[in-house]
Structure formats: structure tokens, C-alpha cells
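The values are calculated or read from the model by the stated rules, or taken from the named source; none is laboratory data. Since the model is a prediction, treat every value here as computed from it, not as a measurement. Every residue, glycine as well, gets a Cβ built from its backbone with ideal geometry; the counts of neighbours run over all protein chains shown.
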Amino acid sequence: MTRALFFERKGFGVCKVQKIYVDAYCIVKNAHIKGRVGYGKSACGVLILDVYGNEYEFTKYLGEKTVPQAELEGLVFALDKACEVLNRKTPIEVWSDSDLVVKWMTKVNRIKKEHIKPIYDDANQKAQRFTSVEYFHHSRSTPEAQRADKLAHMEYEKHNK
């Protein structure tokens, strides 16, 4: 008996969509100054939920990045990890607190910075491994967003004591 059939027979609903929650943590000095492009040390955290309710947590230290680079590289890492643990034939929802990254991935905004385009192309290429990927923006206050943020922050702290 397959695991999905077991869950259905026991009365547990099987979720039809797999979800990825991704967040980057990046500290850029004087980031509040308008128009300043700055680099800072960064890390990302990923929470993945499969159709059976299994949860997977991953982290990665990203090094010196701009905030948009860190958010987008976090997405690339999340999609890579999702390939390892999720069924590629089941729809995927990617949730991020970065409105900019969601707008890039849904083609609402176009990328203007040349240093971002290769990362964007990599994210699109990785997303094509799945039959369906949708991107959503969520607030930082959702429980899943807070977990992904905590994972990213813990990874950051490991490398920046």
C-alpha cells in the first residue's frame, strides 16, 4: 500500500500542493540610506512541506551578497533542496517575504541589474524541474515565515560570531 493510500484510508487528507517557504538574512551596513547598494554577509533558511505533512528544514551560508541577491540565491537553494525531497509531478507553491523576488519570478517586474540576471535564470531553470510552480508573497508574521527566518538567522550566526 502506498503512503498516500494509507493516509487517505486512515482519514487523513493528503494535501494536493507541496509548499516551500524561503527567507534570506542579510546585514548590510547603512542599508537605510536611499540609493545605496551594499553588500553584507548573508544566509538563507528553507522550510519544505510535502503532501504527507512531512517537514524538511535546510540552511545555507551565502557569503557577501546584496539583499536581492541573497533572497534570490535562497530561492535557488530552496528549489535545489525541493528536488531532493519532493515529488516533481505535484504542484509546488513557493512562499517568500521578498515581494521583489516574487514579482521577478511572476514576471510582474523585470530585472534591471546585470548581476541579478544569472541568478534569476538559474532559479527559472531549477523551477522547470517541476510540473508546476507558483510564487506567493507572505508577511513576515506567518508561522512558516518565522520558521524560515529563524533558520536563516541561525545559519548566519554560525558564521558571524
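Overview of results
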read-out	value
Meets criteria (more than 22 Å from Glu144 (Cα to Cα), assigned to a helix (DSSP H, G or I) and within 13 Å of the chain's Cα centre (by Cα)) for Lys81	no
Tally, over region 41-71, of residues that are basic (Lys, Arg) and modelled with pLDDT of 95 or more	1
Test result for Arg110, farther than 14 Å from Leu75 by Cα and surrounded by 12 or more Cβ atoms within 10 Å (Cβ to Cβ)	no
Whichever residue in region 101-143 is part of a helix (DSSP H, G or I) and charged (D, E, K, R) and, among such residues, is farthest from Leu47 (Cα to Cα)	Lys117
Count of residues meeting criterion [touching a residue at least 60 places away in the same chain (Cβ under 8 Å) and closer than 16 Å to Ala145 by Cα] in region 84-111	6
Residue pairs meeting the criteria (Cβ under 8 Å; at least 6 apart or on separate chains; first under 22 Å from Pro91 (Cα atoms), in region 11-30; second basic (Lys, Arg) and modelled with pLDDT of 90 or more)	Tyr21/Arg147
Residue match in region 51-66 (condition: on the phi > 0 side of the Ramachandran plot, loosely packed, with under 14 Cβ neighbours inside 10 Å and assigned to a loop (DSSP other than H, G, I, E, B))	yes
Enumeration of residues in region 112-141 that are hydroxyl-bearing (Ser, Thr, Tyr) and free of Cβ contacts under 8 Å to residues at least 24 places away in the same chain	Ser141
